[in-house]
Amino acid sequence: MFNLEKFDIKLETEIIARNFIYSDEIDSTNTELLSGKQHYKKNGTVLLAEKQLSGKGRKNRTWQSAKGLNLTFSILLTNEIFSNLNPNHINLVASLAAAEAIENLYQLRTELKWPNDILINKKKVAGILIETSIKGRNVERIVIGIGINLNQISFQGDFNFPPTSLKLEVKSEIDRETMLAEILNIFEEQLFNLEKSPENLLNEWRSKCKMIGDKITITENEKIKTGIFHDIDENGYLLLKRNNAIEKIHFGDVSFV
Ligand code: BTN
């Protein structure tokens, strides 16, 4: 069982998770928060589910996570505060927050894989799916869904990248309440920083992405492109150098050659 009281003591945020909803089973925390139902209207609402029946991954994949062992949650940002922020930047902030929380609590070295996977020893420990709902010309709500493997020790199924969990890496039980509070505390702090300077955030992200400068393969829909991971641009898009030209990649999967 998730200990709400313990989580609350560790939470130091002003806005994020001040409306916190705990669910035993749900289809997908992202889908639920995007739906805009009455109790999911408040900016910063966090919905945590012990089990998702149709957890979503990027590119129409599924996100599988054993019940009660890991963290699967979503954060809602509505158009009150933080709405002027670029969703791509928020995406980078979320991956940095999860990576930093792991490093702070467990002294592990993490690496980021574009656009937002968190790796430990070249295996994926967490993934992020950001979705938005649009009203007219404006972004009405931004939902940031985070799945992080904490205490699961075996993984079945097909994965586009080998999975791991923190328990497998540190060889001891992981405290879910402390981890969730740490991620959310850092996430909020970084959102405030982002409002002041996206450049610092982009630089922090670059310093944790060890693939920059490497030869990589990008799978974008059906297309496969090979080139050098040159950099990310000011919007967080990947810049791929091939045939002496720089190409901007908006959406895709990166793998090593
Ligand atoms: C990926 O790496 O493909 C992204 C995985 C995102 C999974 C999280 S778990 C909580 C939230 N709800 C969902 O349905 N998906 C995200």
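Before moving on, here are some points about what is shown:
- Debye, to nearest 20: dipole size of segment 58-174, +1 on Lys, Arg Cβ, -1 on Asp, Glu Cβ: 320
- Compactness of the chain, expressed as Rg and Dmax over alpha-carbon positions, Å: 17.5, 56
- Within segment 84-145, the trypsin sites (Lys or Arg not before Pro) that combine a DSSP coil assignment with at most 11 other C-beta atoms in a 10 angstrom radius are ARG137.
- For the chain, DSSP calls about 85 percent of its internal beta bridges antiparallel.
- Point-charge dipole on Cβ atoms (K/R +1, D/E -1) for segment 25-100, about Cα centre, debye to 20: 220
- Gyration tensor (alpha-carbon) shape descriptor, segment 60-138, a/c threshold 1.5: prolate
- Only helices reaching 30 angstrom along their own axis (Cα) with mean Kyte-Doolittle hydropathy no lower than 1.0 count here, and not one DSSP H run of the chain does.
- Modelled label positions at ASN84 and PHE256, each set 7 Å beyond Cα in the direction of Cβ, lie 4.2 nm from each other.
- Among ASN235, ASN151, ASN160: highest mean-square fluctuation, GNM of the chain, C-alpha pairs under 10 Å: ASN160
- Helical mean residue ellipticity (222 nm; -39500 (n - 2.57) per DSSP H run of 4+; nearest 500) of the chain: -8500 deg cm²/dmol
- Take the Kirkwood radius over Cα pairs of segment 1-77, plug it into Stokes-Einstein at 25 °C and 0.890 mPa s, and you get 189 µm²/s for translational diffusion.
- Here the average projected area of the convex hull drawn through the C-alpha atoms of segment 106-161 stands at 5.7 nm².
- Scanning the chain for GluC sites (Glu not before Pro) in DSSP loops with at most 13 neighbouring Cβ atoms within 10 Å leaves 81-172 as the longest stretch between them.
- Label-point separation in nm, PHE161 to LYS248, each point 7 Å along Cα→Cβ: 2.3
- Of the trypsin sites (Lys or Arg not before Pro) found in segment 197-236, those in coil by DSSP whose Cβ has at most 16 other Cβ atoms within 10 Å are LYS210.
- Loop-located trypsin sites (Lys or Arg not before Pro) in segment 22-102 (DSSP state other than H, G, I, E, B) with a sparse environment of at most 10 neighbouring Cβ atoms within 10 Å: LYS37.
- FRET efficiency, 1/(1 + (r/R0)^6) with R0 22 Å, evaluated for SER172 and ASN3 via beta carbons: 0.75
- For segment 1-119, the number of Lys pairs with C-alpha atoms closer than 27 Å, counting only pairs eight or more positions apart or on separate chains, is 27.
- Part-to-part distance (alpha-carbon centres) for segment 59-111 and segment 153-175, which is given in Å: 17
No lab work stands behind these numbers, since they all come straight from the coordinates. Because the structure is predicted, anything quoted here is derived from the model rather than measured. Cβ coordinates were reconstructed from backbone atoms using ideal geometry, including for glycine residues, and neighbour counts include every protein chain displayed.
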